[in-house]
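Bear in mind these aren't lab numbers, they're just calculated from the coordinates by the rules spelled out. These figures come from a predicted structure and were not determined experimentally. Using ideal geometry, Cβ is built from the backbone for each residue, glycine included, and neighbour counts are taken over all protein chains shown.
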Amino acid sequence: MKIQAIGVVGAGVMGIGVAQNLAQTGHQVILVDISEDILDKAKQEIRNNIRFQGFFQKSDKTETPDSVLNKIEFSTNYKFLENVDFLVENVTEKWDIKREVYPLIDSICPADCVFAANTSAIPITRIASVSKRADKIVGIHFMNPVPMKPMVEMIRGYHTSEATIETAKQMLTQMGKECIIVNDSPGFVSNRVLMLTINEAVFLLQEQVATAEDVDKIFKSCFGHKMGPLETADLIGLDTILFSIEVLYENFNDSKYRPCPLLKKMVDAGLHGKKSGKGFYVYQ
Ligand code: NAD
């Protein structure tokens, strides 16, 4: 049976992509965030993304921004999540924020609803500890931009049941995606490696060993990567990078995860990367 109604909590970089991808694959979506302004921005961003995709892809000719947006209900009221079959949580990468969300959705969503935590580094077992349905919590680490990335990292928490893994796999298949399943550990596989790489690249910039352009060029020209670490950081969001490396630092108590002071300074200065218009590079 198709999973139909999906709740998406958090309408930032990832929530927008997840909601758009779900609507484009025929799901009814309820997208929840904390302010109308954020939801208006999300609506506009999805509209722009669909137009942009239309230019570059031979996508479904009947798909228009309105046909996609009609499948998404935007709300600041969690009550609208009371009938969802599956929920993807994409709120800010801060434990104090995530820990408040799970008891709330527990009390509103149907008892059999699976919750997928889209997090960069917070352990899934820790997230499950603040919920009453630990067996129904799974990590789905979506890649950015979500509609363009066919692979995700799925994380099995300590209590995640096989039935939950199967439901999450079905959800991903419906979205046109595949997964690689890993066991729970802070940062999982992808971000335990990537966050250290990005943080070290920021140290190189801080120490004036190379310019941002040259750091990235070395990864692209020498290693054949599509993007360098600093471009990747701008795409992810420098605030999310900082929060993730802080999660790794707290969880492992290992100084190798100490955030670079330049990264902290940039986040304090509001240079959050592509989403704020400026990070290591400037965006129009
Ligand atoms: P973001 O900062 O762009 O968006 C977070 C959104 O959550 C904001 O719109 C914020 O208003 C909202 N929010 C905060 N508290 C909320 C609450 N109580 N209820 C509802 N909404 C709330 O962050 P993002 O980049 O979209 O990241 C979201 C999650 O996905 C994080 O855990 C992050 O680590 C993870 N992630 C990010 C990326 C990436 O490339 N940015 C990739 C994979 C996973």
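Would you mind checking the tilt of helix 13-24 against the longest principal axis of the Cα atoms of the chain, expressed as 0 to 90 degrees and rounded to 10? It works out to around 40 degrees. Projected onto planes of every orientation and averaged, the convex hull of the alpha-carbon atoms in the stretch 61-163 covers 7.6 nm².
Placing +1 on each Lys and Arg Cβ and -1 on each Asp and Glu Cβ, with no other charges, gives the chain a dipole about its Cα centre of roughly 400 debye.
Show that you can apply the helix-only estimate: for the chain, add -39,500 (n - 2.57) for every DSSP H stretch of four or more residues, divide by all residues, and state [θ] at 222 nm to the nearest 500. Don't jump to the answer; show the numbers that get you there.
Numbers: 11 runs with 124 residues, N = 284.
For the chain, the value works out to -13500 deg cm²/dmol.
Here the Kirkwood formula, the inverse mean of 1/r across different C-alpha pairs, assigns the stretch 4-57 a hydrodynamic radius of 11.3 Å.
Legend: residue pairs K94/K278; K94/K149; K217/K264; K94/K256; K98/K136; K71/K94, Cα-Cα distance threshold 18 Å; pairs beyond threshold, K94/K278; K94/K149; K217/K264; K94/K256; K71/K94. Other residues lying with their Cβ under 13 Å from the Cβ of D37 contribute a combined charge of -2, Lys and Arg counting +1, Asp and Glu -1.
Here the Karplus relation 6.51 cos²θ - 1.76 cosθ + 1.60, evaluated at θ = phi - 60°, turns the backbone of the stretch 142-149 into coupling constants of 6, 9, 10, x, 3, x, 9, 10 Hz, with x for every Gly and Pro.
Take every DSSP beta bridge with both residues inside the chain and express the antiparallel ones as a percent of the total, to the nearest 5.
Numbers: 5 of 31 bridges.
For the chain, the DSSP antiparallel bridge percentage is about 15.
Partnerless cysteines in the chain, where a partner means another cysteine C-beta under 4.7 angstrom, comprise C179, C222, C260. Shape summary: the stretch 116-226 maps onto an equivalent ellipsoid whose semi-axes, from the alpha-carbon gyration tensor, are 33, 17, 9 Å in decreasing order. If you wrap the Cα atoms of the chain in a convex hull and average its projected area over all directions, you get 14.9 nm². Bin by bin, in steps of 10 Å, what percent of the Cα pairs in the stretch 85-143 do you find, going until the bin that has the longest distance? Distribution as computed: 25, 63, 12 percent. Relative to the dominant Cα principal axis of the chain, helix 238-252 is inclined by about 90°.
Farthest towards the positive end of the charge dipole of the chain, among the residues V138, H27, F203, is the Cα of H27, using unit charges on the Cβ of Lys, Arg, Asp and Glu. The amide H of Y158, built 1.01 Å from its N in the peptide plane, has T125 as neighbours under 5 Å, considering only residues 5 or more places off or on other chains.
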